[in-house]
There are 2 protein chains.
Amino acid sequence: MIVVVTPNPAVDVTYRVARHERGETNRVLEVQRRPGGKGLNVARVLAGLGVEVLALLPLGGEAGRWVAGELAVPHEVSPLAGETRTTVTVVGEGHPTVYTEPGPETSEAEWAAFGEVLGRRLADAELLVVSGSLPRGARAGLLGDWVRAAHEAGARVLADVSGPALLEAAEAGADVVKPNLAELLEATSTVAEEEGATRLRRRGAGLVVVSRGARGIAAHTPEQVIEIPAIPNVAGNPTGAGDAATAGLAQALVDGVPLVQALRRAAALGAAAVLRPVAGEVDLEAYRRFLEPNGEPA
Amino acid sequence: MIVVVTPNPAVDVTYRVARHERGETNRVLEVQRRPGGKGLNVARVLAGLGVEVLALLPLGGEAGRWVAGELAVPHEVSPLAGETRTTVTVVGEGHPTVYTEPGPETSEAEWAAFGEVLGRRLADAELLVVSGSLPRGARAGLLGDWVRAAHEAGARVLADVSGPALLEAAEAGADVVKPNLAELLEATSTVAEEEGATRLRRRGAGLVVVSRGARGIAAHTPEQVIEIPAIPNVAGNPTGAGDAATAGLAQALVDGVPLVQALRRAAALGAAAVLRPVAGEVDLEAYRRFLEPNGEPA
C-alpha cells in the first residue's frame, strides 16, 4: 500500500465570471468546489491506476468536513482545530486570478496526533509519499520525522515538497525527492540543475528526480543523469500534471521497475493529466498510448 | 417578537491582500468569515438593541452548517439541499473587489417547508421583516405569500427587497416597503423618487420608506413626504448601514412611535453602523448621541 500525506489540503473553488474587474462587484456565473492539495491529486491518480492507496491528511472546521465528505479515495483524517484553507481561482477573461488563503495555524499537539496516525498506517505501507506545502505552525523537523518513521516501519519515502522541507527530506534520507526545477534551484540556492541535485544527494537524498515541465523529467543518481523528454504536442490544463508524474513514479517504485521506465511512466502520466480539465484526473487511454512506443504495458 | 427572514443568506468572506493583480496569484494575508445576508444584519442590530427577535433562514450544505453554528442571534433554520452561497470581498489596494456566488438552486418543496416554519413562527410575531434577495428557483409570488401569511397571523410586514419581489410585496399589501433609491427607481421603472413611491403605494404598499444613503431617508405617505437628513460627518464602513436603518424602523414600528421619530432612529442607527467596521454591528453609544438633539431616549 502507498500512504500519501497531504500536509496542507484545501477546498479548491473555481469561479467562472463573464466580466472581471478589480474594484468592482463581479457576478459569479458558475461555482465549482473540489478537494484540493497536491497529495490528494497524487492519491486520486494512484487510485485511478488501481494502486492500493490511503490518503492521510489533517482537516479542520466545516471546510475540512466538506473535503472529507467529498473524497472518493480511501483516506484517514487527523483533526485540526483551525479551518482548512480555501483557494479561489477566478476564470473567464484572460489569465486566471488566484487567491490563496494562508491555511490554519496548527499546533505541536495536532502534529503529534498526526504522527501517531501516520505511524499506525505506515505499518502496512511499502511507500510513503509526502506532497505539497506545510501549514503555518508546522515546526521545522516534521518532515524529517516522517521520513525516519517510514524507514523504521520498512517503507520507502518519495517527497514532493519545496523550501526548507525539501532540504529536511533530503537530510533524513528520503529515497526519492521530486522537486520541479524552480523548487530545486530555490531550495539549494543554486542556478544549475545538476549542482542543485548534487547538493540534495550530498545532504542524504537517495534519488533526485527533477520535473522540468515541457522540457521533460530527469533523474540524478550518483552515477548518471537520466533524461526523458516530455510527450510532445499535448495541450490542455497543466495543473496537477506534476502530481500525476509523482503518482507514476510512486507506482513504479512499488512495482520495482527500472528507473528509465519509472521516468517514462511519470512523463506519460503527466501528459495524460494535461488532457483532463481537472487536477487529479488522467486520461488513462492516452497514458497507455503515450507508453506504447516504449513497448511497456501500462 | 420580530421575525426576520433572510431568503438568501451567505458566508461573507473577506480576504486582505497586500498586492492584488488580476491574472496573478494573490497571497491572502488575513481571512475573515462571517454569516452574511441583509436580514442577518437586521436581526443582529435588533438583538443588539435588546429587541426580541428570531432570524429565520434557509441554509444548506457545509456552508449552511457553518452559518448556523456562527449565528449569535436566536434563529431557526429551514434546510436546503443546495450549498449556501459564499461572497468573497478582496480588500487591500484600492476599492474592494467582490465576487458574488449565485446561491443554491432551490425547489418548490423547500419553499413549502420554509413556509410552514414561517407560519408557525408568525403566530408569536408582531412584525415580519423580509430583507435581501431571493435565491434561484424561488418562484414568483413567494413574497406575496409571506406578506399574506403574516397578515393572517396578525403581524405587520416590513419588506427590504428589490426587483420583482419589491413589486410583489407592495401588491400583497406590505405595511412598509424600504428600498434604497436605486432599487425603487429600478423596480418601478421611474426616474423620480416621488413617482416611484406613488407607484408602489398604488400597487398596495402602506408606507414607502426610501433610504438615500448620504442624503438621508424619506417616508412617503398618501398625505406627505417626511425627510430626515443623514447624520453629518460620519465616516467609516457603509456596508450594513441600510440594514441597521431597517432595524431602527422595525423597532420603531413595534414600539408604535410617530413616523418622524421612526425615521430619526433609522437615520441614527444607519450612521452608528457606519462607525463599526463590520456589517450587522452598531456603535450604540454613538446611536444615543445621534438621537439626543431630538430629545428622544434611544
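The values are calculated or read from the model by the stated rules, or taken from the named source; none is laboratory data. Since the model is a prediction, treat every value here as computed from it, not as a measurement. Glycine also receives a Cβ, built like all others from the backbone with ideal geometry; neighbour counts cover every protein chain displayed. Remember, those area values only see protein heavy atoms, side chains included, never the ligands or the DNA or RNA. Shrake-Rupley method; radii C 1.70, N 1.55, O 1.52, S 1.80 Å.
Is it possible to state the helix-based mean residue ellipticity at 222 nm for the protein assembly as shown, with each DSSP H run of 4+ residues giving -39500 (n - 2.57), the sum divided by total residues, to the nearest 500 deg cm²/dmol? What is it? Don't jump to the answer; show the numbers that get you there.
Numbers: 20 runs with 226 residues, N = 596.
Mean residue ellipticity, 222 nm, calculated: -11500 deg cm²/dmol.
Over segment A:70-143, Cα pairs under 8 Å with separation of 6+ residues give a relative contact order of 30 percent. The shape of the protein assembly as shown can be summarised by an equivalent ellipsoid whose semi-axes, obtained from the alpha carbon gyration tensor, come to 57, 22, 21 Å from longest to shortest. Taking the accessible area of segment A:1-112, probe 1.4 Å, and keeping the other protein chains in place, the carbon and sulfur fraction comes to 49%. Amide H contacts of B:LEU127 (H built 1.01 Å from N, in plane; Pro and chain starts excluded): B:VAL3, B:ARG156 sit under 5 Å, all sequence-distant by 5 or more or on other chains.
Mind checking A:77-88 for the average number of partner chain beta-carbons within 10 Å of each residue's beta-carbon? Mind showing how you got there, number by number?
Working: counts 0, 0, 0, 0, 0, 0, 3, 0, 2, 7, 2, 8.
The per-residue average across the peptide is 2.
Each 10 Å bin from zero up to the one holding the largest Cα-Cα distance in segment A:16-66 carries the following percent of pairs: 20, 29, 28, 19, 4. Counted over segment B:1-149 with a bin width of 10 Å, the fraction of Cα pairs per bin, in whole percents, is 11, 39, 31, 14, 5, 0.
For segment B:159-298, compute the orientation-averaged projected area of the C-alpha convex hull (one quarter of its surface), in nm². Each step should come with its number before you reach the end.
Numbers: hull surface 31.2 nm².
Approximately 7.8 nm², given one-decimal rounding.
Amide H to amide H, with H built 1.01 Å from N, B:THR25 comes under 5 Å of A:VAL98, counting only residues 5 or more places away or on other chains.
The alpha-carbon of B:LYS38 sits under 17 angstrom from the alpha-carbons of these aspartates and glutamates, leaving out residues fewer than 8 places away in its chain: B:ASP12, B:GLU70, B:GLU76, B:GLU101, B:ASP160, B:GLU183, B:ASP243, B:GLU281. Of B:GLU101, B:GLU83, B:GLU194, the residue with the greatest mean-square motion in the GNM of chain B, using alpha carbon springs below 10 Å, is B:GLU101.
What is the extension gain from A:ALA113 to A:GLN224, computed as 0.36 nm multiplied by their sequence separation minus the C-alpha to C-alpha distance, in nm to one decimal? Let's see the in-between values first.
Details: separation 111, 0.36 × 111 = 39.96 nm, distance 4.06 nm.
Taking 0.36 nm per residue and subtracting the Cα distance, the gain is 35.9 nm.
Rounded to whole Å, the principal axis extents of the Cα atoms in chain A read 58, 48, 38, largest first. Estimated at 0.36 nm per residue, the fully extended path between B:VAL91 and B:GLU194 surpasses their Cα-Cα distance by 33.4 nm.
If you bin all the Cα-Cα distances of segment B:71-193 at 10 Å, starting from zero, the percentages per bin are 12, 35, 36, 15, 2, 0.
Can you compute the charge dipole magnitude of segment B:194-289 about its Cα centre, using +1 on each Lys and Arg Cβ and -1 on each Asp and Glu Cβ, nothing else charged? Give it in debye, rounded to the nearest 20. If you can, show how the numbers build up before the last one.
On the way: 11 positive and 9 negative charges, 34 e Å.
So the magnitude is around 160 debye.
Averaging the Cα positions of each part gives two centres, and for segment A:183-261 and segment A:108-126 these lie 27 Å apart.
Using the Cβ-Cβ distance between B:ARG215 and A:GLU105 with R0 set to 41 Å, the FRET efficiency works out to roughly 0.35. Site pair A:GLU70 and A:GLU24 shows an inter-label distance of 2.8 nm when each label is modelled 7 Å from Cα along Cα→Cβ.
Ligands, DNA and RNA are left out, and with a 1.4 angstrom probe the accessible area of the protein assembly as shown is 41 Å² per residue. Protection proxy ranking for A:162-175, A:243-256, using the average of other Cβ atoms within 10 Å per residue and placing the highest first: A:243-256, A:162-175. Buried accessible surface for the B/A pair, both sides summed and rounded to the nearest 100, is 2600 Å² with a 1.4 Å probe. For B:MET1, project a label point 7 Å along Cα to C-beta. Then give me every residue of segment B:121-154 with its amide nitrogen under 13 Å of that point. Answer for segment B:121-154: B:121-128. Remark: the protein assembly as shown carries a charge dipole of roughly 540 debye about the Cα centre, counting +1 on each Lys and Arg Cβ and -1 on each Asp and Glu Cβ. Could you tell me which trypsin sites (Lys or Arg not before Pro) in segment B:63-145 are loop residues by DSSP with no more than 13 other beta carbons within 10 angstrom of their beta carbon? Those satisfying the criteria are B:ARG136, B:ARG139.
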